[in-house]
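Quick note: the coordinates plus some simple rules give every number you see, no bench work behind them. Please read all numbers here as calculations on a predicted model, not as lab measurements. Methodologically, a virtual Cβ is constructed for each residue, glycine included, from the backbone with ideal geometry; neighbour enumeration extends over all protein chains shown.
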Amino acid sequence: MKKKYSVILLLLLLILSIIMVNITTEIYWSIAFDAADGNWTFAHYYLSVYKQEILLMILSISALLLSVLIKNSLNNVKNRPLVIGMNTIIKGIIILEIMNAISSINTLVYLNDRRAHLSISMFISIGLIVVILLVLITLVFETIAVLKKSMNKQ
Amino acid sequence: MKSFIIVSLVLIMVGILLLIGYKKLFKVNSKNALADKPVLSLPDLNDLLMWYIYVCLIIFTSLGIHISVTYHDQRVSKCVEEDVSVRGITSEYPLCINQYSNVVFKDRDEVIQKVLLNNEALIEQLEKRPPIATDKLDNLYYRTEGYAQDTDEYKLHVLLTIYLNYYEIKTIENSIEVIK
């Protein structure tokens, strides 16, 4: 069971990243395009998405915790740089989310102008796709390592 | 400000408790390792610390978002002129004029539920067409545009315009005829 621990954590991280991509698509693309087409005020856009943005931040924190736990439970030590890489990207995503939120608060309170909003959503989406790729690569190597270990035991 | 101080104190307390818990687990692990017993795979302390700093940052940001949304609600919902009526809209939906000279509903959430309930048949008919926007109310707003004044679609459009006035913090040129 202990051997499979890292694989389970990696699968959880993969599911979490896919859910996060889904949320970012909804708030930064789907609703954002509605806002652009309908010429919404910033308050209209932000009050439609702020709950999902908070959810996204909570999921990012969970993803960061998972990556920290994965780092110390790897069967193949060569995967460690990959996990450190995804950990760093997730940290970057969280920083971008916080910057985005602070910019949104400023725009909502003082400007209410959609054009003034700092758009960094593109980087969050790209970062998440890179995380998914890294998780997939690590998952493949880890599964091979787990299989090799169980075959050696037999 | 008060909520920020309370949250900071709670986060400091939780942080101290986490550190104490980690130290105890680390001691147990060290004893087990010396006795050749299986050990728990604990995360590195620096990673855990960084994670907790990010948790704190996100909690503060979420609190900031909540405060700004509440602030927006307070300034837009504040009525300057009560007992306002709009042509074609019954007194079933209480209205007022806010500080930005826009007509808004007095109790927005309750009124919009009433609007949806009272226009159920019409909404069902409008929703059969392919959607223009992701949100249900925005979709209905665009779908009811351009109808003649006496139609049900026009009345629903006026109600939805008033509903969307909640998002305006500037005086808008209102097409709604207000009777004071």
Item to check | Computed FRET value (nearest 0.05) for residue A:55 with residue A:95, which takes r as the C-beta separation and R₀ as 25 Å | outcome: 0.90
Checklist entry - So, in nm, how far is label residue A:123 from label residue A:103 when the simple model puts each one 7 Å beyond its Cα toward the Cβ? => result 0.8 nm
Checklist entry - Which residue, B:78, B:128, B:37, has the most motion in a Gaussian network model of chain B that connects Cα atoms within less than 10 Å? => result B:37
Checklist entry - So how much slack lies between residue B:50 and residue B:8, counting 0.36 nm per residue of separation and subtracting their Cα-Cα distance, in nm? => result 13.5 nm
Checklist entry - What order do you get for B:160, B:49 when you list them from fewest to most C-beta neighbours inside 10 Å? => result B:49, B:160
Checklist entry - Toward the positive end of the charge dipole of segment B:1-133, about the Cα centre and with charges on Cβ (Lys, Arg +1; Asp, Glu -1), which of B:7, B:69, B:91 goes farthest? => result B:7
Item to check | Between 0 and 90°, nearest 10: helix A:121-153 axis offset from chain A longest Cα axis | outcome: 10 degrees
Item to check | Cut-off 17 Å (backbone N to label point 7 Å along Cα→Cβ of residue B:124), residues of segment B:147-172 | outcome: B:153
Checklist entry - Tell me, what does the Kirkwood hydrodynamic radius of segment A:1-116 come to in angstroms if you use every pair of distinct C-alpha atoms? => result 15.8 Å
Checklist outcome for this item: In this structure, the FRET efficiency calculated for residue B:17 and residue A:47 from their beta-carbon separation, with R0 = 45 Å, to the nearest 0.05, is 0.80
Checklist outcome for this item: Across B:71, B:52, B:100, the residue with the highest GNM fluctuation in chain B (Cα network, 10 Å cutoff) is B:52
Item to check | Computed helical MRE - 222 nm, the protein assembly as shown, DSSP H runs ≥ 4 contributing -39500 (n - 2.57), nearest 500 | outcome: -23000 deg cm²/dmol
Item to check | Computed Kirkwood radius, in angstrom, where 1/r is averaged over Cα pairs of the protein assembly as shown | outcome: 23.5 Å
Item to check | chain B: DSSP helices with Cα axial extent of at least 20 Å and average Kyte-Doolittle hydropathy no lower than -1.0 | outcome: B:2-34, B:45-77
Checklist entry - For the pair residue B:42 and residue A:136, what calculated FRET efficiency results from E = 1/(1 + (r/R0)^6), where r is the Cβ-Cβ distance and R0 = 25 Å, to the nearest 0.05? => result 0.40
Checklist entry - What is the helix-to-structure angle for A:80-106, meaning the angle in degrees between its Cα long axis and the longest Cα principal axis of chain A, kept from 0 to 90 and rounded to the nearest 10? => result 10 degrees
Item to check | For chain B, built as a Gaussian network whose Cα springs stay under 10 Å, the top-fluctuating residue of B:101, B:77, B:68 | outcome: B:68
